[in-house]
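J.: I'd like to ask you about the structure that follows.
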Amino acid sequence: MTALPRRAVLAGTAASIAAPGVVRAQNEWPKGPIRVVVPFPPGGTTDPVARILAAKVSDNTGWATVIDNKPGAAGAIGAAVAAKAPPDGQTWMITFDSHILSPAFTPNLAYKDSDLFNVMLVGRAPLAVACHPDRPYRTMGDVVADAKARPGKVSVGLLSASGALLLTAYLQKANGFELNQIYYKGGGPTVQDVLAGVTDVTVTTLGALQPHFRAGKLRALATTGDRRAPSLPDVPTLAEQGLKTYPTYSWWGVYVPAGTPRSIVDRMSVELTKAARSPDVTQKFAEQIEMEVLASTPEEFAAFQAGEQERWFKVIRDNNIKSD
């Protein structure tokens, strides 16, 4: 998914910190523990991102932060909890990229995008395409050639209502091949089935696949970013393999209920950026989930989300994609 310009956040918020309203916010907020809603269960990638980031903010500021896992409906249940919370800075949400797809995939969504305010795009990591070592594929090009020879016979495991699903749909239509798409409710089962040889390939987060690449239990066929992943320098991107594609990334972001005072949002931006760019946090994110820290401004994050939704909602419409 689209990269952001690397502008300094601190410079954009330093002036506002000196403003009287922000000084009052610093004195009056937070009023007790900050609830950090995570719309997914422990495990995966979002929960550790939230815990690492919140813990660092607490260490730096002395603010108490409490992680509140509210899983269900591909993140929509937790997002509704955050959207309906009082806009006082006491409730944050840290979530995954599938959050922005909920309006397209979840009927009767209990909140609107406008009910949540973009605070910071924490970072991004490429997806990867993987297969079991007993499969004959060495590159994504091999998968495409087999799928063209045997339409609908090569199976791919995909997380339902995910960026991986949308990218895979786009790749097939843009490059003229057909896979047998197998949908899963969680990333864990997606990986387990490709490990067991139940599916031929999978497209999912690089962080979830990397331990199995290192152990030789899975073979990396491609990555999905605009350049090769540092941890897989010998694995070409989809674009390098001649496929028509979009550079695509997993990403993690921080939101608050709409209406939260901008003075509080600006203070959050300063502290979240400081935490995300701390060397120990940057190292943990890189080692655990291959994350490249971006630490965007609210405006950059909002523009990024709008662009991603425009792109991927078109793919959903063009391919008549359902969540499962």
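The values are calculated or read from the model by the stated rules, or taken from the named source; none is laboratory data. Here the structure is a predicted model, which means the values were calculated and not measured. All Cβ positions, even for glycine, are placed from backbone atoms using ideal geometry, and neighbour counts span all protein chains on display. Quick note on the areas: whole protein, heavy atoms, side chains included, nothing else; ligands and nucleic acids left out. Shrake-Rupley method; radii C 1.70, N 1.55, O 1.52, S 1.80 Å.
J.: When the residues of the stretch 200-219 are narrowed to those that are in contact with a strand residue (DSSP E or B) (Cβ under 6 Å, 6 or more places away or on another chain) and at pLDDT 95 or above, which ends up farthest from V154 (Cα to Cα)?
T.: F213
J.: Are any residues in the stretch 132-172 within 18 Å of F96 (Cβ to Cβ), among the hydroxyl-bearing types (S, T, Y) and modelled with pLDDT of 95 or more, and if so, which ones?
T.: Matches in the stretch 132-172: T168 only.
J.: Does the stretch 83-103 contain at least one residue that is of a type in the set (A, V, I, L, M, F, W, C), surrounded by fewer than 22 Cβ atoms within 10 Å (Cβ to Cβ) and farther than 27 Å from G242 by Cα?
T.: Checked against the condition, which is being of a type in the set (A, V, I, L, M, F, W, C), surrounded by fewer than 22 Cβ atoms within 10 Å (Cβ to Cβ) and farther than 27 Å from G242 by Cα, the stretch 83-103 yields at least one hit.
J.: Further question on the same structure: Quick one: in the stretch 46-66, of everything that is open to solvent by 20 Å² or more (accessible area, probe 1.4 Å) and under 25 Å from Y184 (Cβ atoms), which residue is modelled with the highest pLDDT?
T.: Within the stretch 46-66, the match that is modelled with the highest pLDDT is R51.
J.: Check whether at least one residue in the stretch 315-324 is at pLDDT 95 or above and open to solvent by less than 30 Å² (accessible area, probe 1.4 Å), and report yes or no.
T.: Within the stretch 315-324, none of the residues are at pLDDT 95 or above and open to solvent by less than 30 Å² (accessible area, probe 1.4 Å).
J.: Here's something else I'd like to know. Quick one: which of L109, L171 is under 21 Å from the mean Cα position of the chain (by Cα) and either more than 25 Å from G43 (Cβ to Cβ) or of a type in the set (D, E) (or both)?
T.: The conditions single out L171.
J.: What are the residue pairs meeting all of these: first residue in the stretch 255-273, first residue within 20 Å of I100 (Cβ to Cβ), second residue among the basic types (K, R) and modelled with pLDDT under 95, Cβ atoms under 7 Å, and 6 or more apart or on different chains?
T.: If the second residue must be among the basic types (K, R) and modelled with pLDDT under 95, no pairs are left.
J.: Sort out which residues of the stretch 269-324 are among the aliphatic types (A, V, I, L, M) and farther than 26 Å from S114 by Cα, and write them in order of number.
T.: A275, V281, A286, I289, M291, listed by residue number.
J.: Which one of these is surrounded by fewer than 23 Cβ atoms within 10 Å (Cβ to Cβ), among the small types (G, A, S) and closer than 22 Å to G43 by Cα: A302, A286?
T.: A286
J.: Does A208 satisfy the criteria of being in contact with a Gly (Cβ under 6 Å, 6 or more places away or on another chain) and under 23 Å from I52 (Cβ atoms)?
T.: Yes, satisfied.
J.: Among the residues that make up the stretch 244-262, is at least one of them open to solvent by less than 50 Å² (accessible area, probe 1.4 Å), in a helix (DSSP H, G or I) and among the small types (G, A, S)?
T.: No, because not a single residue in the stretch 244-262 is open to solvent by less than 50 Å² (accessible area, probe 1.4 Å), in a helix (DSSP H, G or I) and among the small types (G, A, S).
J.: Okay, moving on. Any idea which of (1) among the aromatic types (F, W, Y); (2) under 27 Å from R219 (Cβ atoms); (3) free of Cβ contacts under 8 Å to residues at least 40 places away in the same chain is the one Y111 doesn't satisfy?
T.: (2)
J.: Which members of the stretch 287-324 meet the condition of being in contact (Cβ under 8 Å) with a residue 24 or more places away in the chain and assigned to a loop (DSSP other than H, G, I, E, B)?
T.: E290, M291, L294, A295, S296, T297, I321, K322, S323, D324
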